[in-house]
Every structure is written in C-alpha cells, then in structure tokens.
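The values are calculated or read from the model by the stated rules, or taken from the named source; none is laboratory data. The structure presented is a predicted model; accordingly, all values stated were derived computationally and were not measured. A quick note on method: Cβ atoms are made from the backbone with ideal geometry, for glycine too, and the neighbour counts reach across all protein chains shown. Side chains included, ligands, DNA and RNA excluded: accessible areas come from the protein's heavy atoms. Shrake-Rupley method; radii C 1.70, N 1.55, O 1.52, S 1.80 Å.
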Amino acid sequence: MKRQRWCYNAKSRFAVLTLFGVSILILINFLAIDKLCFNVFNFKRIPKAKLFDTFLQKLDDENLAGNWSAIYTASGIRHLAGEGQELVDFTSQKFQEFGLKTWVETYNCYLNTPIEQSLKLIKEKNNEIEYIPSLKEDELEDDPTTFGGNLVPTFHGYSANGNVTAEYIYVNYGRKEDFIKLIENNISINGKIVIARYGEIHRGLKVKFAQENGAVGVLLYSDPGDDHGITTENGYAAYPDGPARNPSSVQRGSVMYLSNAPGDPTTPGFASLPGVERKDPHRSIPTIPSLPISFRDVEPILAKLNGFGLPSNKISKDFIGGLPDYDYSIGPNQNYVLNLYNNQNYTISPIFDVIGELEGYIKDEVILVGNHRDAWIVGGASDPNSGSASLLEIIRGFKALTDIGFKPLRTIVFASWDGEEIGLLGSTEYMENHSSELQKKIVAYYNVDVAVSGTHLNMESSPSLFKILKDVSKFVKYPGDKAGKQTLYDHYEKEQNWNIGILGSGSDYCAALDHLGIPSVDLGFGNSEKDAVYHYHSNYDSYHWMSTLIDPGFVYHNTISKFLGLMILQLSEHEVIDFKLGDNSAKIKIYFDEISKLIPSNWNDRKIKDFDLNDHNYDAILRKLTKRLNFKELLQFTSNKLSEFDKSMSEYDLYLSRLQEEFNDLNTLKLWSKLKLFFKIKLNNLKLKYFERNFLHDEGLINRSWYKHMIYASGRYTGYEGQSLPGLREAVEDGDFENAVKWINILLKAIRRIENGISF
Ligand SMILES: *[C@@H]1O[C@H](CO)[C@@H](O)[C@H](O)[C@H]1NC(C)=O
Ligand SMILES: *[C@@H]1O[C@H](CO)[C@@H](O)[C@H](O)[C@H]1NC(C)=O
Ligand SMILES: *[C@@H]1O[C@H](CO)[C@@H](O)[C@H](O)[C@H]1NC(C)=O
Ligand SMILES: *[C@@H]1O[C@H](CO)[C@@H](O)[C@H](O)[C@H]1NC(C)=O
Ligand SMILES: *[C@@H]1O[C@H](CO)[C@@H](O)[C@H](O)[C@H]1NC(C)=O
Ligand SMILES: *[C@@H]1O[C@H](CO)[C@@H](O)[C@H](O)[C@H]1NC(C)=O
C-alpha cells in the first residue's frame with residue numbers, strides 16, 4: 001500500500017464531496033453556513049489559555065474535595081449497587097447546581113446482597129467445632145465508619161450460595177499457573193475448599209480456576225507478605241495507629257469473571273431493561289461459594305496445615321507469604337475440615353446512573369467523563385469516592401467557566417455510575433443501551449475510579465490520548481514535591497519514564513473501549529510502597545484513613561481534578577481533535593513484534609493455504625496475498641505492513657497539526673478558504689472520532705464475544721491486567737495455528753480498512 005494513500009485518497013474524495021456539499025448549502029442558505037462556521041469555531045469563544053487559568057484558579061482558591069468526600073463516605077449511608085438514595089439525590093443536586101442538564105438512568109440488574117455467611121473449623125474425629133472466625137472487622141473508636149448501624153458484612157459479589165464441608169488446602173494466589181503447579185505435584189484439588197491469598201489477578205478468576213479444578217468452596221485472604229514490608233513484624237503500627245494493615249481488615253469484592261464479560265451477567269451484550277429476556281448467568285459467575293477473610297481470622301485455620309502435605313518451598317518459593325504462625329505447607333490435614341456457609345439474596349434490583357450534560361456547540365462530538373459512586377463499605381474514601389469528590393470539583397471548576405460565558409466547543413457528559421463494584425453494571429448497561437448513539441458521538445471516555453489511594457500517579461490509556469496526557473500534565477504541579485517545582489509530567493517521567501500502561505478491566509472504561517471501541521483513559525494516584533497500606537474494599541478505606549494517612553488536606557484529590565479538568569478542556573476546545581494516531585500504530589507494531597518472538601519455530605514453514613480461509617470473511621485481496629505465503633513470510637509481510645501503517649499515521653498526524661495551524665491563522669483567510677477549512681476539519685474530526693472503532697471485530701474474541709476490540713482486552717487469566725492483540729496472543733499461547741492466521745488477517749483487514757478510509 002502506498003503510504004500516503006490513506007489521507008490523500010480520502011482528501012480528494014472529500015474535496016469532491018465538499019465542493020458539492022458546499023455549493024448546495026450555499027445555495028440553500030449562505031448566511032446559515034456562515035453562522036454555523038463562525039458560531040462553531042470562532043464566535044465569542046474564550047481562548048483556551050484563559051479557560052485553563054480560570055479553571056486552575058478556581059480550584060486553587062478553594063478546595064472542596066474533602067467536603068464532598070465527607071458526604072460520600074458519611075456514617076450510616078450504605079451505598080452498594082442500588083443503595084444510597086441520599087447519594088443519588090446529592091449527586092443529582094450538585095450536578096444541577098453546577099449547571100449540568102441532569103437525569104438519572106435506571107437499569108434492572110441481577111445482583112446479590114448478603115443475608116448470612118459463616119465459617120467453622122471442625123475437628124473431624126469427633127465432629128467438634130474447634131474455631132469459629134468472626135468474619136468481622138474490628139470497630140475502631142477513632143474511625144466512625146467502622147461501627148454503628150448499616151455496616152456491610154464481609155462477602156463476595158456474585159458468589160454462589162452453598163453450605164459445604166470439606167478438607168482444605170492452600171493454593172497461593174489461585175492463579176492458573178498455581179493450580180498447574182499443584183497438579184504437577186499430584187495434589188488433589190477435587191472436593192476441597194481452597195484458601196488463596198489476594199493479589200496478582202482478579203479475585204473472580206481465582207474462584208473460576210478453583211471451580212474448574214473441582215474445588216467446592218474458596219476462601220480469599222489478604223496476606224501481610226504482600227504489604228511491601230509495611231508490617232507489624234517490621235515494627236510498623238497497624239491502622240489506626242500507623243501505616244500497617246489492620247489485622248482484622250477484609251477485602252470484599254466481586255467474584256464475577258471480568259475477563260469473560262462485565263455488566264449484568266444475565267444480559268451480556270444488551271441492556272437490563274424491564275421485561276428483557278435473561279440468560280443463565282453462570283458463564284460469568286461461579287457456581288461454588290466463596291468468602292473473603294482477614295489474615296487474623298484465617299491464620300489459625302492455615303496453621304493447622306503446618307507440616308501437612310507438601311511444604312511450599314518444594315513447589316516454588318513464591319508460594320510463601322508473610323504469616324508468622326503458618327509454615328505454608330499445602331495440606332490437607334485429614335484431622336480437620338472447614339464448613340463454609342454462604343447465603344446471598346439474589347434479586348433483580350434497580351441501579352441508578354446519574355448523568356449530567358454540558359452542551360457544546362458541536363453536539364455530535366462528545367467527551368464522556370465518569371466515576372462510580374457505589375462502594376463495598378459505608379466509607380469508600382478511596383474507592384471510589386476520592387473519584388466522586390474529584391469529579392464534583394471538576395464540575396465546580398466548569399461552573400466557574402460557564403459563569404464567565406464559556407460554552408464548550410464539544411459537548412461534555414459527566415456520569416456517576418452505580419454498580420461498578422459488583423460487575424461494572426452501571427457503565428456497561430448504559431453503554432449497551434445507548435451503544436449506537438455513543439459509537440456515533442463519543443470522542444473519548446475519561447475514567448476516574450480511585451482518584452487517590454496513595455501518592456504515585458497511575459495512568460492507563462488508549463494511545464490516541466497519550467499526547468493529551470503528556471501536554472496537559474505540564475500544567476499541573478505534583479504535590480509530592482515539597483519544593484513545588486515538579487509537574488505531573490516530571491513526576492511521571494521520573495517514576496514511569498512515560499510508559500503508560502494498557503487498559504485491561506476492573507473499572508468503567510471497559511465497555512467503552514472493549515465493547516464500543518471508544519478510546520479511553522483511567523487515572524489516579526495509586527498506592528505505592530512508600531504509602532500507608534491501602535485497606536482496599538475494607539471498612540478502613542474511610543474518611544478517617546484518607547484524611548490522616550493518605551491525603552491530609554485533600555491536595556492529591558485537588559491535583560486529579562485539575563489534571564482531568566484540563567484534559568477535558570484540551571480535548572473539547574482544540575478545533576482539530578487532539579489525538580495522535582501515530583502513537584497507536586507504533587504500539588501495534590511493538591505488540592506484534594513482541595508476539596512474533598513467541599511463535600513456535602515449527603510454524604515457520606507451514607503454508608497458509610493449508611486450510612480454508614473462507615470461513616473467516618477475509619478480505620479478498622488479503623486472502624490471495626496470504627495464501628501464497630508460509631507463516632514466516634506472513635509474519636514478515638504483516639510486520640512490514642505495520643511499519644508502513646505507522647509511517648502513514650505519523651504523516652497524517654503532521655497533516656492534522658498543519659490543519660490546526662491553518663485554523664489558528666483563520667483571520668488571514670478569505671471566507672471561501674475559511675469554509676473549506678471548516679469542512680476539512682469536520683471531515684478529519686470524523687476520521688479521528690471513528691479511528692478506534694475500526695479495531696472492533698464483530699464476532700468478538702473466541703469464547704468471550706462481548707470483547708470486540710482486537711488490540712486490547714482484559715487478560716483471560718488475569719482479569720485486571722490488559723492484554724494486547726488478545727486474539728493472536730491467545731492463539732500463540734494455545735499453539736493454535738489456524739487461529740493465529742485468522743487473527744493476523746483480521747488485523748490486516750482493519751489496517752486496510754483504515755488506510756482506505758472506508759469507514760470515514
Ligand atoms: C468545607 O469544609 C470546611 C471544613 O470542614 C468548612 O469550613 C467549609 O465551610 C466547608 N465548605 C463548604 C462549601 O461546604
Ligand atoms: C435506553 O436508551 C433509550 C434511548 O436510546 C432511552 O430512551 C432509555 O431511557 C434508556 N434506558 C434507560 C434505562 O435509561
Ligand atoms: C450446613 O450443613 C450442615 C451439615 O453439613 C448442617 O449441619 C447445617 O445446619 C447447615 N447449615 C445451614 C445454615 O443450613
Ligand atoms: C505424581 O504421580 C505420578 C504417577 O503416580 C508419578 O509418576 C510422579 O512422579 C508424581 N509426581 C510428583 C511430583 O510426585
Ligand atoms: C431479598 O431482597 C428482596 C428485595 O430487596 C427483599 O424484599 C427480601 O426481603 C430480601 N430477602 C431477605 C431474606 O433478606
Ligand atoms: C474455548 O472454549 C472451548 C470449550 O470450553 C475450549 O476447548 C477452547 O480451548 C477455548 N478456546 C479459547 C481460545 O479460549
């Protein structure tokens with residue numbers, strides 16, 4: 001393919017269209033175009049620099065993040081999915097007060113709330129109860145959201161009901177590879193209750209792998225060995241007296257299989273509206289019961305395994321955690337069984353998304369910004385209400401802008417999602433319900449879930465948005481630098497060398513990116529080794545913890561609001577959508593080369609034509625081309641193609657910046673040239689807006705068709721962690737030659753589609 005074909009081809013076609021369109025429109029109403037053109041791009045708009053200054057000034061003058069945090073995390077207000085009407089009302093009221101057109105969307109989702117759960121250690125010989133753990137977190141006098149009414153029991157979202165009694169074993173993190181190691185060592189998992197520590201992968205997949213290996217129940221606990229050395233063993237005091245983990249803390253959480261599909265598991269791919277036909281949810285949720293537990297509660301249970309079964313170090317050193325009284329023997333100990341009882345109330349219940357819109361001049365180019373409101377506990381100062389507080393601060397900052405006459409160029413929509421914790425319900429149902437409209441309109445989705453759980457900036461993003469992240473981070477100071485010199489740009493360069501991570505799953509960007517092909521970003525200050533231990537999904541993720549140990553003064557909250565607010569302005573006010581597509585093509589090339597190295601050498605000489613490509617609806621030209629090749633040649637061909645693609649995208653980026661420059665000198669142009677430029681920008685903005693959609697593959701990934709993006713997905717064995725070129729990568733991992741060829745062709749077809757500008 002000629003490298004310039006993509007933009008120039010489209011350009012000439014566009015010229016014809018423009019001439020035609022423009023003449024007709026001029027004939028119809030010359031004045032209307034004039035008005036449209038100048039209204040949209042020029043008329044009375046406040047310069048971006050002034051907007052940046054005003055916005056930052058507003059958030060400097062007054063920081064109300066702590067006030068909003070106190071409200072979202074107040075004692076007594078439970079806000080699990082569908083709960084906390086007070087907070088729905090509060091959020092709606094604030095959105096309105098700050099000038100947004102506001103409404104609430106209700107979806108009816110399958111979900112569970114806890115009724116009763118218990119655990120007993122039983123001495124098998126005489127059926128005597130040896131020990132009953134409390135399954136409760138301690139009430140702390142210093143921390144008002146750890147006692148009083150309405151506390152949330154320790155339980156798992158979407159865990160199965162059951163009453164099981166069985167011998168138990170320790171399975172490390174419960175990863176796929178942990179189970180493989182146990183089986184290699186002839187340890188039987190069948191019929192056992194397994195005890196795994198949290199960490200490394202999403203908890204739902206731990207339960208999935210346990211179930212697939214025949215376990216009948218699962219306990220998940222937080223091991224102090226995973227607390228980066230900030231432990232009482234090492235002399236740190238535990239919360240509330242110091243930064244170490246409170247021994248009674250429990251991580252609640254969902255055990256949905258995130259990497260299969262998020263959203264209501266009875267309505268995968270469509271919205272949970274009243275009367276909708278529902279499916280059996282068990283492709284995405286477990287059939288065996290599970291419970292979360294504190295390390296203090298689980299230690300006496302694990303200690304009974306000391307000396308029984310294989311010692312962990314016979315399997316792998318990485319099986320050993322940090323509990324002082326447990327020697328990490330795998331077990332089982334035939335003298336003891338556990339009884340695990342789990343009773344959850346499964347219902348179809350309403351959940352509530354609060355949506356607020358700030359209308360722009362251009363209504364079909366929309367920026368969506370979201371945070372979830374629901375939490376596992378009464379508090380939730382970090383997850384998610386640091387994000388909720390920051391979101392309100394952003395909107396308050398925008399009120400200061402509309403107060404001086406600002407109307408955004410592009411429409412901005414803010415969302416306060418419900419039901420994220422149990423399975424990304426609010427965002428997924430919203431995106432499924434409005435899928436075609438959102439695919440037509442949304443330019444990008446900005447997500448902030450945990451805005452602050454520590455002091456280390458975390459970012460995961462679609463490459464289209466890298467440029468905005470880099471440019472805007474230079475305008476915001478990093479609060480961790482006491483000298484006040486470092487910007488977020490400097491901080492991220494120092495800590496991460498600007499290696500922005502890829503999006504996996506575990507927050508509300510998932511449906512936007514993976515299902516609808518909307519470029520997305522997720523960011524916040526994460527917990528680092530220097531910070532107090534994060535009491536994730538525990539009662540101790542509270543206002544007290546936040547305001548004493550993590551963000552006194554709420555300055556990190558304030559920083560996230562500034563950063564995201566400016567990112568919104570940068571994207572809404574830049575006339576040419578401020579994406580850099582070359583960052584995508586460069587990454588795709590890197591991912592592809594990475595996977596190429598993993599390919600089994602005996603694939604090299606295999607001919608592509610050995611099997612039938614007709615099944616996969618291949619592009620005819622590609623089919624002919626690739627049929628002649630052997631696999632090694634196909635890899636080379638693809639690699640070359642991706643390099644060409646990268647070059648043409650980089651040239652297109654240059655073309656876009658020239659277009660913007662032309663616009664910046666608008667006043668020097670004649671009316672006719674202005675109109676021409678207006679249409680050029682409109683057309684290229686369409687291409688930019690739809691760029692990411694080209695990477696959707698209708699059939700979706702194999703065995704998880706909800707995931708449609710061919711470049712990014714949630715890792716099938718990790719959940720949270722992103723996986724690049726998932727189709728191809730999985731085929732290579734599975735030694736599946738035919739699927740490897742299939743996914744290379746799908747990729748090539750998408751590249752060709754972009755190069756030909758077909759979908760623009
Ligand atoms: C925010 O909280 C501070 C400290 O509690 C208080 O003094 C102030 O009045 C509050 N402001 C608003 C607008 O609620
Ligand atoms: C789903 O979308 C339609 C329009 O696309 C809208 O009328 C309806 O209110 C939405 N459903 C919910 C629950 O908001
Ligand atoms: C659970 O099963 C045991 C027998 O295995 C029984 O004794 C106990 O009553 C059951 N618990 C509940 C709550 O049903
Ligand atoms: C597992 O059992 C098989 C067959 O009983 C035996 O050959 C193998 O050595 C055992 N492996 C280990 C690690 O004990
Ligand atoms: C289960 O939830 C439904 C709907 O909220 C409620 O009416 C019912 O009382 C609950 N059942 C139990 C046992 O808590
Ligand atoms: C898809 O599911 C089938 C049946 O469970 C399994 O055999 C196959 O390995 C899976 N393929 C992938 C790519 O996950």
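Restricting the first member to region 293-321 and to residues that are within 25 Å of Ser538 (Cβ to Cβ), and the second to residues that are at pLDDT below 95 and open to solvent by 50 Å² or more (accessible area, probe 1.4 Å), the beta-carbon pairs closer than 8 Å and six or more apart or on different chains are Phe319/Asn313; Ile320/Asn313.
Out of all the residues in region 689-706, is one or more among the hydroxyl-bearing types (Ser, Thr, Tyr), under 35 Å from the mean Cα position of the chain (by Cα), surrounded by 20 or more Cβ atoms within 10 Å (Cβ to Cβ) and not in a helix (DSSP H, G or I)? Give the derivation first.
Step one: filter region 689-706 for residues among the hydroxyl-bearing types (Ser, Thr, Tyr), giving 690, 705.
Keeping just the survivors that are under 35 Å from the mean Cα position of the chain (by Cα) gives 690, 705.
If we keep only those that are surrounded by 20 or more Cβ atoms within 10 Å (Cβ to Cβ) too, we end up with none.
No, region 689-706 contains no residue that is among the hydroxyl-bearing types (Ser, Thr, Tyr), under 35 Å from the mean Cα position of the chain (by Cα), surrounded by 20 or more Cβ atoms within 10 Å (Cβ to Cβ) and not in a helix (DSSP H, G or I).
Condition check ((1) over 30 Å from Asp226 (Cβ atoms); (2) in contact with a strand residue (DSSP E or B) (Cβ under 8 Å, 6 or more places away or on another chain); (3) part of a helix (DSSP H, G or I)) across all residues:
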{"residue": "Trp545", "(1), (2), (3)": "no, no, yes"}
{"residue": "Tyr556", "(1), (2), (3)": "no, yes, yes"}
{"residue": "Ser572", "(1), (2), (3)": "yes, yes, yes"}
{"residue": "Lys587", "(1), (2), (3)": "yes, yes, yes"}
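A count restricted to region 164-184 and to residues that are of a type in the set (S, T, N, Q) and more than 28 Å from the chain's Cα centre (by Cα) stands at 1. Against the list (1) in a loop (DSSP other than H, G, I, E, B); (2) closer than 19 Å to Asp53 by Cα, the condition Val472 fails is (1). Those residues that are open to solvent by 10 Å² or more (accessible area, probe 1.4 Å) and under 20 Å from Glu460 (Cβ atoms), I need them from region 526-558; list them, please. Within region 526-558, Asn527, Ser528, Glu529, Asp531, Tyr534, Tyr536, Tyr556 meet the criteria. When residues in region 506-537 are screened for being in a helix (DSSP H, G or I) and not charged (D, E, K, R), 6 of them pass. Look at (1) surrounded by fewer than 20 Cβ atoms within 10 Å (Cβ to Cβ); (2) farther than 26 Å from Tyr341 by Cα and you find that Asp227 fails only one, number (1).
For region 175-196, the condition holds for at least one residue, the condition being that it is more than 20 Å from Ile422 (Cβ to Cβ), assigned to a loop (DSSP other than H, G, I, E, B), among the small types (Gly, Ala, Ser) and within 16 Å of ligand 4 (Cβ to nearest atom). Taken residue by residue, region 87-96 has no member that is in a strand (DSSP E or B), surrounded by 16 or more Cβ atoms within 10 Å (Cβ to Cβ), in the same structural domain as Lys58 (by the TED database) and away from ligand 1 (no atom under 16 Å from the Cβ). Checked against (1) more than 30 Å from Ala244 (Cβ to Cβ); (2) part of a helix (DSSP H, G or I); (3) open to solvent by 30 Å² or more (accessible area, probe 1.4 Å), Glu495 passes all but condition (1). Checking each residue of region 133-144 against the condition of being within 16 Å of ligand 1 (Cβ to nearest atom) and open to solvent by 20 Å² or more (accessible area, probe 1.4 Å) gives at least one match.
The set of residues in region 366-421 being assigned to a helix (DSSP H, G or I), in contact (Cβ under 8 Å) with a residue 60 or more places away in the chain and over 16 Å from Thr102 (Cβ atoms) consists of Asn385, Ser386, Gly387, Ala389, Ser390, Glu393, Gly397, Ala400, Leu401, Glu420, Glu421. Going by the structure shown, is Lys48 buried (at least 17 other Cβ atoms within 10 Å of the Cβ) and either more than 16 Å from ligand 3 (Cβ to nearest atom) or not assigned by the TED database to the domain that holds Val476 (or both)? No.
Residue-wise test of (1) away from ligand 3 (no atom under 16 Å from the Cβ); (2) open to solvent by less than 30 Å² (accessible area, probe 1.4 Å); (3) not hydroxyl-bearing (Ser, Thr, Tyr).
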position: Leu424; (1), (2), (3): yes, yes, yes
position: Ser436; (1), (2), (3): yes, no, no
position: Tyr445; (1), (2), (3): yes, yes, no
position: Val448; (1), (2), (3): yes, yes, yes
position: Glu460; (1), (2), (3): yes, no, yes
position: Ser505; (1), (2), (3): yes, yes, no
position: Cys510; (1), (2), (3): yes, yes, yes
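Within region 282-302, the set of residues being open to solvent by 30 Å² or more (accessible area, probe 1.4 Å) and under 15 Å from Tyr168 (Cα atoms) comprises Pro300 only.
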